[in-house]
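> I have a structure I would like to understand better, so I am pasting it below and will then ask my questions one at a time.
The values are calculated or read from the model by the stated rules, or taken from the named source; none is laboratory data. Everything quoted here is computed from the prediction, not taken from an experiment. Note: ideal-geometry Cβ built from the backbone for every residue, glycine included; neighbour counts use all protein chains shown. SASA here: full protein model, heavy atoms, side chains in, ligands and nucleic acids out. Shrake-Rupley method; radii C 1.70, N 1.55, O 1.52, S 1.80 Å.
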Amino acid sequence: MDSCFEPVIWPEDQFSEEADSYRQCEICSQKSRVIWGEGNPQAPVLIILDNPGAREDKDGKEYVCGTRHTLQTALHQVDLAVDDIYLTYLLKCRPLRRYNKEEVRAFSKPFLIRQIEKIQPKLIVCLGDVVTQTMFNDKDACVKNLRGSWHEILGYPCMVSYHPLAVRRRPNLMPRFMEDWNMLAQKAYFRCD
């Protein structure tokens, strides 16, 4: 790993029209911020995580959470730049309490589908079982069985990998996680030339 690499806070993307409609979701509260996405909305690679992580410490100071730190480190290792990436979420708010997972995912998915249709990325990356099951419409889909090869969702080439938080908790997943990012980088470089 590159000891000089420092993760950064990516600029948030704002779609106020859609964000206002999303506020009807049960996970949105007065304390919740709708996070539509971050990075470059015109990027060729769209990455989907389950939900935004913590963004501020208890004093209100912004920081890069562990999930985004692990993700940015992997992207750096395979030479994908911030301009190449747009990061978005199935759930557009960070859940602060228990919620009905099936209902919230069903409410949230059409927002994500419209977002993908608007952005029209060249490649999609689904991170973690929750996103994979939702995007593949298969409750039994799992990263372990789908990673390492290309699939198609919504007409776009798609790869699947472990959620960065799972990699942080289980470092033995890191070699496979990096194999997946290398596979993405090779395809991204090929498609962008």
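> Quick one: count up the residues across segment 79-113 that are open to solvent by less than 10 Å² (accessible area, probe 1.4 Å) and either of a type in the set (D, E, K, R) or part of a helix (DSSP H, G or I) (or both). Reasoning before the result, please.
Step one: filter segment 79-113 for residues open to solvent by less than 10 Å² (accessible area, probe 1.4 Å), giving 85-93, 104, 108, 112.
So of that shortlist, the ones also either of a type in the set (D, E, K, R) or part of a helix (DSSP H, G or I) (or both) come out as 92, 104, 108, 112.
Here the count works out to 4.
> Here's something else I'd like to know. Can you tell me which residues in segment 141-173 are under 20 Å from residue 116 (Cβ atoms) and small (Gly, Ala, Ser)?
141, 155, 161
> Would segment 52-59 turn up any residue that is in a loop (DSSP other than H, G, I, E, B), open to solvent by less than 10 Å² (accessible area, probe 1.4 Å) and in contact with a strand residue (DSSP E or B) (Cβ under 7 Å, 6 or more places away or on another chain)?
Within segment 52-59, the subset in a loop (DSSP other than H, G, I, E, B) is 52-55, 57-59.
When the remaining residues are screened for being open to solvent by less than 10 Å² (accessible area, probe 1.4 Å), the result is 52.
Retained after the next criterion (residues that are in contact with a strand residue (DSSP E or B) (Cβ under 7 Å, 6 or more places away or on another chain)): 52.
Within segment 52-59 (the criterion being in a loop (DSSP other than H, G, I, E, B), open to solvent by less than 10 Å² (accessible area, probe 1.4 Å) and in contact with a strand residue (DSSP E or B) (Cβ under 7 Å, 6 or more places away or on another chain)), the answer is yes, since at least one residue qualifies.
> Can I ask one more? Does any residue of segment 62-69 turn out to be aromatic (Phe, Trp, Tyr), touching a helix residue (DSSP H, G or I) at 6+ places or on another chain (Cβ under 8 Å), open to solvent by 40 Å² or more (accessible area, probe 1.4 Å) and modelled with pLDDT under 85? I'd like the intermediate steps shown before the answer.
The initial filter retains those residues of segment 62-69 that are aromatic (Phe, Trp, Tyr), namely 63.
Then drop every residue that is not touching a helix residue (DSSP H, G or I) at 6+ places or on another chain (Cβ under 8 Å), which leaves none.
The answer is no, given that none of the residues of segment 62-69 is aromatic (Phe, Trp, Tyr), touching a helix residue (DSSP H, G or I) at 6+ places or on another chain (Cβ under 8 Å), open to solvent by 40 Å² or more (accessible area, probe 1.4 Å) and modelled with pLDDT under 85.
> Also, I was wondering about something else. Under 7 Å by Cβ, and 6 or more places apart or on different chains, what pairs join a residue from segment 174-185 that is under 13 Å from residue 126 (Cβ atoms) and touching a residue at least 12 places away in the same chain (Cβ under 8 Å) with one that is basic (Lys, Arg) and outside any helix (DSSP H, G or I)?
Close Cβ pairs (under 7 Å, with a partner that is basic (Lys, Arg) and outside any helix (DSSP H, G or I)) amount to 180/147.
> Just to be sure I understand, how many residues within segment 10-42 are surrounded by 12 or more Cβ atoms within 10 Å (Cβ to Cβ), at pLDDT 80 or above and either among the polar types (S, T, N, Q) or over 18 Å from residue 108 (Cα atoms) (or both)?
7
> Another question, if that's okay. Of the conditions (1) among the acidic types (Asp, Glu); (2) touching a residue at least 60 places away in the same chain (Cβ under 8 Å); (3) open to solvent by 70 Å² or more (accessible area, probe 1.4 Å), residue 117 clears all except one; give me its number.
With respect to (1) among the acidic types (Asp, Glu); (2) touching a residue at least 60 places away in the same chain (Cβ under 8 Å); (3) open to solvent by 70 Å² or more (accessible area, probe 1.4 Å), residue 117 is out only on (2).
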